[in-house]
Amino acid sequence: MTGDNFGLPIPADAEALLAGGTEFLTTAFRAAGGLDPGNSVAAITQSAEFPEGGAGKKLLLTVAYERSGAALPEQLFVKFSRDFDDELRDSVRDMMISEANFALLSRGPGFPVKVPRCLFADIEAASATGLLVTERIPYGRDGVEPFHPKCMDYLLPDPVEHYRAIMRDLGRLSGAHRAGRLGPRLDAMFPYDRKQASAVFGVHAPGGKLVQWANRMFDFVQRYPNLFPERVRDPALREPFLSYIADVVRANSRIREILSGNQDLVAFAHWNANIDNCWFERDAQGVLHCGFIDWANAGPISLAQAITGVISAAEPYIWAEHLDELLGVFTEAFAAQGAPRPDPDELRLHVLLMAVSSVGSSMAAPVAIASEIDDIDAITGPRDDAFRHRYNARVLLHMMTNLLENWQALALGDLVRHLDDFPAHRSHSKNGPAFPFS
C-alpha cells in the first residue's frame, strides 16, 4: 500500500514498521516535514504495543535522533488504521482518513488549539490503510495532568473546571473556522455535506423498538437498583417516559429540521471532545487549558453535536447545574475569533435536542453489562471496580443514567411536546463568510 499524500509505502502493522526501522522513519519524517533533511532517526530504543482505544492497533515508540533538539519528540505514539486480528476494529479503518489529513493541517502557523505534534501522517484511501505518528502526550509529568478516563469524573477534584477548559478551546477552534481563519485548504479537505452531517439528528429506530428497549431499561433498573441513583429508581418513571416515546417519534422530522436549520451553527470541530480525548495543563497564570487527541471523523458539524460530544459522558449535575455556564464559555470563545455570536437560547435548544436524539443509543447498557460482567449481583454500584476495566459497560451505564436523569431535570419530554413553539432557526447571520455548504 502506498500513501496518497507522500507516495511512500505504508506499513500496516507494528511488525512492518519495525522491519523498516530507522530508515523508514527517517524517510517518512523528512517527507512529511517532521524532520529536517540533514537529520535522521538514529535508533529505535523502545517499542511496546498500546492496547487501549478503538479502531486500529497502536504502538509506543522511543527513538533517538542523529541531532536531538527540544522540538523533536523522542517519545512517540504510532497509530495504524488496521487491526488484522479484530474484524470489528478493522472495519472502521476509514476513520483515519480525516485524522491523517487533519494532523498535517494542524501544523500550520497559529493553529488555535493544542494537538499532538505530527511527524508523519498518510493513508491509502482505496484500502484505508494508514499510519499516524505523533508526539506522545506525557500524562502525569512535565506539568501535564494524568490521563482522565471517560465516565469517571468523580476522580477529578474539579470536573467543572475541566469542562470549562474543553469548551473554551473547542469554541476557539470552531470560531476560528467559522470566521474563515483556518484557510481554504481545510475547507477543501473537509467539505461540509449537509445530508451526511444531519444523519445523526433524531432517533433512528421505530417506536415499537424504542418501547421495547425502554421497558428493558426500566426492568434493568428495578432488577439492579444499586447501579443507579435514587432519583431514577422510582418505578413510577416508566409510564410517563414510555408515553413520551410516541412524541419523540412523531417529532423526529421537526427535530431534524431545527437542528439543520441554521448554517451559523455549523463549524469545524472535534465530534467527541470528551475528557478522555483531551489532556490538561496550566499556563503561567494557573489557568487550565486542554489539548485534543483522536481526530477521527473530524470535520464541519453542528455546534450542538460538538458540545454534546464534550458533555455526553459528564456527570448529570453538569447538565442540570452548569449547562448554561458552559454554553456561555463556548460562545464567548467562538465569538472572540470573529465568528457570528450564536444565540444562546437557540444553541441550548439544539443541545437538548441532541440529547433527545440519543434516546435509542442510550438504552443499551443492559446488553453491554450482561455481556461483559458475569456476576452483576455482586456489583456494589456504578463506581465499583468491576467497571474500571470494562469500558463499554461503564460508559453505557453512565449514558443510560444520564438519559434518565436529564429526562427529568431538563424536562426533555415536555420540550419535545412543545417543539412547534420554536422556529426552525432564529437567525441567519449576514456577517462573516458564507459557510461552504455542498
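Overview of values
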| read-out | value |
| --- | --- |
| Enumeration of residues in segment 169-220 that are of a type in the set (D, E, K, R), in a loop (DSSP other than H, G, I, E, B) and at pLDDT below 90 | Asp193 |
| Top-ranked residue of segment 408-438 - restricted to ones that are modelled with pLDDT of 85 or more, outside any loop (DSSP other than H, G, I, E, B) and over 24 Å from the mean Cα position of the chain (by Cα), ranked as surrounded by the most Cβ atoms within 10 Å (Cβ to Cβ) | Val416 |
| Among the candidates Ile376, Ile369, residue that is over 21 Å from Pro240 (Cα atoms), surrounded by fewer than 19 Cβ atoms within 10 Å (Cβ to Cβ) and among the β-branched types (Val, Ile, Thr) | Ile376 |
| Any hit, segment 251-263, residues being surrounded by fewer than 18 Cβ atoms within 10 Å (Cβ to Cβ) and either among the aliphatic types (A, V, I, L, M) or at pLDDT 95 or above (or both) | no |
| Residue identified as loosely packed, with under 15 Cβ neighbours inside 10 Å and part of a helix (DSSP H, G or I) among Glu325, Glu405 | Glu325 |
| Sole residue being small (Gly, Ala, Ser) and in contact (Cβ under 8 Å) with a residue 60 or more places away in the chain, chosen from Gly130, Gly140, Gly69 | Gly130 |
| Subset of segment 246-257 that is part of a helix (DSSP H, G or I) and touching a residue at least 60 places away in the same chain (Cβ under 8 Å) - its residue that is nearest to Phe201 (Cα to Cα) | Ile255 |
| Single match in Ala128, Ala103 (criterion: in contact with a Cys (Cβ under 6 Å, 6 or more places away or on another chain) and buried (at least 17 other Cβ atoms within 10 Å of the Cβ)) | Ala103 |
| Any pair with Cβ under 6 angstrom, 6 or more apart, that starts in segment 18-40 at a residue that is part of a helix (DSSP H, G or I) and ends at one that is surrounded by fewer than 16 Cβ atoms within 10 Å (Cβ to Cβ) | Arg30/Pro37 |
| Count of segment 294-318 residues which are crowded, with 19+ Cβ neighbours inside 10 Å and farther than 16 Å from Leu156 by Cβ | 16 |
| Members of segment 328-374 found to be part of a helix (DSSP H, G or I), under 23 Å from the mean Cα position of the chain (by Cα) and polar (S, T, N, Q), listed by number | Thr331, Ser357, Ser361, Ser362 |
| Residue within segment 375-390 that is part of a helix (DSSP H, G or I), of a type in the set (Val, Ile, Thr), in contact with a Cys (Cβ under 7 Å, 6 or more places away or on another chain) and assigned by TED's automatic domain parsing to the domain that holds Val248 present | no |
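Yes/no per residue for (1) under 22 Å from the mean Cα position of the chain (by Cα); (2) among the aliphatic types (A, V, I, L, M); (3) assigned to a loop (DSSP other than H, G, I, E, B):
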residue	(1), (2), (3)
Glu49	no, no, no
Ala55	yes, yes, yes
Thr62	no, no, no
Arg89	yes, no, no
Gly110	no, no, yes
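The values are calculated or read from the model by the stated rules, or taken from the named source; none is laboratory data. From a predicted model like this one, the values you see are computed outputs, not experimental measurements. Virtual Cβ from ideal backbone geometry, glycine too; neighbours counted across all protein chains shown.
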